[in-house]
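One structure coming up, written as structure tokens, with questions to follow.
All of the numbers you see were taken from the coordinates with simple rules; none came from a lab. This is a predicted model, so every value here is computed, not measured. Don't worry about glycine lacking a Cβ; one is built from the backbone with ideal geometry, like all the others, and counts go over all protein chains shown.
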Amino acid sequence: MARSSRQGRRAILIAGPTASGKSALALALARELASKEAQPALIVNADSMQVYRELRILTARPSPEDEARVPHRLYGHVSGADDYSVGRWLEDVSAVLKEAQATGAVAIIVGGTGLYFKALLEGLSPVPDIPQSVRAHWRQVARTHTGPGLHAMLRERDPEMAARLRPSDRQRLVRALEVWAATGRSLAHWQRQAGAPPLAADDCERIVLAPDRETLYSRADARLEAMVAAGAREEVAALRALGLAPDKPIMRAHGVRPLSAYLEDRLGLDEAIAHAQTETRHYIKRQFTWLRRHMADWSWRKT
């Protein structure tokens, strides 16, 4: 995009599916800003798994060398024992935006978690805090029921949210059940009352990086093999040694379950890699669906 289109922008947003080259583009834009416009930049994470410090390799966090070239924020700053959420990210990124504004830097916000970008530009629903006892109850229920079973429970209590969610979407089904149990109101009620967003669409350049799907699949497959060669098995073993509950968000990172099965001698290494690659391909499909639905008015790029 022409230089003039970036003048006066508070932020550049880079979304896209996994393995699309978002981090490389963020670094290139930061260097361009520094060399052509003499303007500093901060690269800010908008990926829900790259926030965790325990999984640098498996979540494809920027390397220490890249972090040394340009200041990075919100990468690896959270313990895997924490239940990090979009609400916490919105608080954290709001603080980073204030830092960028105070220093005259452009915030280059990059990641594959669409809900983070949605909250950034549209605000977040003011859902009350859910008591820990309610969370614990529904997580226990989730351990003993299938996705369709959870969906049936939600349909009895909150048919509006049940109509929005797939039976396979266990995480959001449990969330909707928690909210209904804690507040007596549908999550849809709270979603209709979004708060003020920390960033206006007019203040930023919005990019979706979307190479063709077969290219992405090939890149993701090769990257998974490179991750294993770089120590992903050892990283997952160290994560497992922490004894975290299986329903912690970090335990859902792509590759954790297949490599755990390998470490338990339930899968061979080649099988584990193939399972992780399939898992990632399915995720890429879901990301494309979400991006087309919610980011159709962004600037789409193949490379």
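Rank these for me by crowding, S20, S125, S48, S63, going from fewest to most other beta carbons within 10 Å.
Working: S20 25, S125 18, S48 22, S63 12.
Taking fewest neighbouring Cβ atoms as first place, the list is S63, S125, S48, S20.
Given K22/K118; K98/K302; K22/K98; K118/K248; K36/K285; K98/K118, which pairs have Cα atoms separated by over 25 Å? Don't skip to the end; give the middle numbers.
Values: K22/K118 18 Å; K98/K302 32 Å; K22/K98 23 Å; K118/K248 23 Å; K36/K285 37 Å; K98/K118 19 Å.
Cα-Cα > 25 Å for K98/K302; K36/K285; rest within.
Can you pull the one-decimal nm distance between simple spin-label points at E156 and T278, each 7 Å off the Cα toward Cβ?
3.4 nm
Which residue, A232, A196, A102, tops the fluctuation ranking in a GNM of the chain built on C-alpha contacts under 10 Å?
Per the Cα network of the chain with a 10 Å cutoff, A102 tops the list.
Could you please state, rounded to a whole Å, how far the C-alpha centre of region 132-199 is from the C-alpha centre of region 30-82?
Region 132-199 and region 30-82 have Cα centres separated by 32 Å.
Mind sorting H254, H282, H189, H137 by how few other Cβ atoms lie within 10 Å of their own Cβ, fewest first?
Details: H254 20, H282 11, H189 17, H137 14.
Ascending number of Cβ neighbours within 10 Å: H282, H137, H189, H254.
Same structure again: From the Cα gyration tensor of region 126-245, with a ≥ b ≥ c the square roots of its eigenvalues, which class applies: rounded if a/c is under 1.5, or else prolate if a/b is larger than b/c, or else oblate?
oblate
Take S63 and E37, extend 7 Å from each Cα along the Cα→Cβ direction, and tell me the distance between the two endpoints in nm.
In this crude spin-label approximation the distance works out to 2.8 nm.
Could you calculate the FRET efficiency of R164 with A136 from 1/(1 + (r/R0)^6), where r is the beta carbon distance between them and R0 is 35 Å, rounded to 0.05?
0.90
Given R₀ = 35 Å, what would the calculated FRET efficiency be for R293 paired with D83, taking r from the Cβ atoms and rounding to 0.05? Mind showing how you got there, number by number?
Values: r = 26 Å, r/R0 = 0.75.
Efficiency at R0 = 35 Å is approximately 0.85.
Can I ask one more? Using Cα-Cα distances under 8 Å and only pairs 6 or more residues apart, what relative contact order does the chain have, in percent? The partial results should precede the final answer.
Details: 417 pairs, mean separation 78.4, N = 303.
26 percent.
Now for a separate question. Determine the relative contact order of region 132-191: mean sequence separation of Cα pairs under 8 Å and six or more apart, normalised by residue count, in whole percent.
On the way: 56 pairs, mean separation 20.2, N = 60.
The value is 34 percent.
Taking 7 Å along the Cα-to-C-beta vector as the label spot, tell me the A196-E264 distance in nanometres, rounded to one decimal.
4.9 nm
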